[in-house]
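Undergrad: Encoded as structure tokens, here's the structure I'll be asking about.
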Amino acid sequence: MKTVRIITLGCAKNEVDSEEIAGVLANKGFRVDAAAEFADVTVINTCGFLQAARDEGIATIRAAVEEKRNGRTGKVIVAGCLAQRIGKDIAKVAPGADAYVGVGHMERFDEIVELTIGSNDTYFEIPPPHHRWADVPTRARSGAPWSAYLKISEGCDHKCTFCTIPSFRGMHQSKPIERVESEAKHLARTGVREINLIAQDVTQYGYDLYREFTLPKLLAKLNDVEGIDWVRLLYFYPNRLTDEVIDAMSSLDKVLPYIDIPLQHVHPEVLRSMKRPWDGDRYLKLFEKLRRAMPDCAIRTTFIVGFPGETEQHFDYLIDWMKEAMLDRVGAFVFSREPGTLAYDMPNQVSAKVKRSRYDRLMKTQQLISLEKNRSWLGKRIQVLIEQPADENWMAGRSFRDAPEIDGLVYVQGTEIPGEMIEVEVIDAEEYDLYAKPIRRARNTRGRVKSLRMVAPSNPL
Ligand code: SF4
């Protein structure tokens, strides 16, 4: 039995791709073991989004090639976005690997590994990006058994001037609705209680297949999947968060009132040069509508600071807007000048020093807002998915307000069981995290999630 070690870099979409690769290989008799002393093959599933990610990818490839020289691995396969973005030249940038494979080849990775093992020539498989989804049951699981990402589509049709993703992930391609549903059922059978739906833009789901935006229909199907308690959505595109989507989110029990909606900026002039929709006023109206439909919803966004041409006035406008919008979670990136993007050649590039100071100012502003938002939960009850011990007296978990890996935590007194859902009462709050005492196990969570998410102490339930 040949052993394969898979190293995953980059985003949650890459994590899903690696799980599909692992499943296909295990299905064909390979032993997939990330901690193997010796691996016949090391697969590096790379990220190509920003310069920092590319540097990390090249360093990881060099380390694996060095391991090959030291006899710790037999062959090295480079896969994913970095290979897709750079193409065959990647063998010059990161030489020494035995195969270089682009994105979307998960379902035939067993053939690629066999080919690589059986040949001494360098193998290339980097056609234009096209995603073929591996068979559902083959998807292996890494990470917490109770929580999983579910990729509902790949690629993107938008043309944001700072972004390279469409160039290497390709145009938007939805997974057929039946396939997404069967993957959710498969995950539920493996013990998953929380599914996090991901894509480059979840709101565009289905249009390429069904000539209509089908996210509400998909959510209704996922809401009926036995065993799943929470359905969370990540990556909304602002002008596609329609009334139909909001109605579905506010009426379906298991769909969490959690909205991750990257805005990138709010000043109309900056948004125009980013080729992004709407403006700060229209975003505020959208959030008002969301909060009317789901009063306890949690809203997360990300901003880019230091985009070419961003003036102090533009940035001050953003800071004032944040104080008015009062969002629960805000992440930020300093603008990365990416070759191959329109923004790369734009005039009025902002200095690294100014970018840095704007980043710090934005995060400081949000820290105060986040603290105020968290304090509004003091004394309220909320449901928590327990994940791991924080120390001998506290467990760490997440509420509906906390997406995995990017948001805060809820620390719960006592020793609860990882993977359990329990109802807690919030007793303290910090900028990003909450502290709580357990009230009771979340009885019969199936279908009652909504009422248990936030209960005023006066409501006996
Ligand atoms: S919507 Fe997202 S993935 Fe698509 S081009 Fe814009 S930033 Fe890139």
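The values are calculated or read from the model by the stated rules, or taken from the named source; none is laboratory data. Bear in mind that the values here come from a model prediction, so they are computed numbers and not experimental data. Heads up, the Cβs are rebuilt from the backbone with ideal geometry, glycines too, and the neighbour counts pull from every protein chain shown. Surface areas here come from the heavy atoms of the whole protein model, side chains and all, with no ligands, DNA or RNA. Shrake-Rupley method; radii C 1.70, N 1.55, O 1.52, S 1.80 Å.
Undergrad: Can you name every residue in segment 320-364 that is open to solvent by 40 Å² or more (accessible area, probe 1.4 Å) and touching a Gly at 6+ places or on another chain (Cβ under 6 Å)?
TA: Answer for segment 320-364, where residues must be open to solvent by 40 Å² or more (accessible area, probe 1.4 Å) and touching a Gly at 6+ places or on another chain (Cβ under 6 Å): V334, N348.
Undergrad: For segment 348-399, which positions are of a type in the set (F, W, Y) and closer than 27 Å to E420 by Cα?
TA: If the condition is that a residue be of a type in the set (F, W, Y) and closer than 27 Å to E420 by Cα, then W377, W394 are the ones that fit.
Undergrad: Based on what the data block shows, is S182 under 25 Å from P262 (Cα atoms) and either at pLDDT below 95 or among the polar types (S, T, N, Q) (or both)?
TA: No; evaluated as a whole, the condition is false for this residue.
Undergrad: On the given criteria, is F303 within 22 Å of A53 (Cα to Cα) and touching a residue at least 40 places away in the same chain (Cβ under 8 Å)?
TA: Yes: the conditions hold for F303.
Undergrad: Check off (1) modelled with pLDDT under 95; (2) in contact with a Lys or Arg (Cβ under 9 Å, 6 or more places away or on another chain); (3) open to solvent by 40 Å² or more (accessible area, probe 1.4 Å) for R189 and give me the number that stays unchecked.
TA: Going through (1) modelled with pLDDT under 95; (2) in contact with a Lys or Arg (Cβ under 9 Å, 6 or more places away or on another chain); (3) open to solvent by 40 Å² or more (accessible area, probe 1.4 Å) one by one, R189 breaks only (2).
Undergrad: Could you pull out the residue among K285, K289, K275 that is open to solvent by 10 Å² or more (accessible area, probe 1.4 Å) and either within 16 Å of the ligand (Cβ to nearest atom) or in contact (Cβ under 8 Å) with a residue 60 or more places away in the chain (or both)?
TA: After applying the criteria, what remains is K275.
Undergrad: Please work out if I369 is within 22 Å of the chain's Cα centre (by Cα), crowded, with 16+ Cβ neighbours inside 10 Å and modelled with pLDDT of 95 or more.
TA: no
Undergrad: Among the candidates E416, E431, E387, single out the residue that is modelled with pLDDT of 95 or more and part of a loop (DSSP other than H, G, I, E, B).
TA: E431
Undergrad: Is at least one residue of segment 344-358 touching a residue at least 12 places away in the same chain (Cβ under 8 Å) and within 24 Å of the chain's Cα centre (by Cα)?
TA: No, because not a single residue in segment 344-358 is touching a residue at least 12 places away in the same chain (Cβ under 8 Å) and within 24 Å of the chain's Cα centre (by Cα).
Undergrad: Looking at segment 263-272, which of the residues that are without any contact (Cβ under 8 Å) to a residue 60 or more places away in the chain and not β-branched (V, I, T) is nearest to Q383 (Cα to Cα)?
TA: L263
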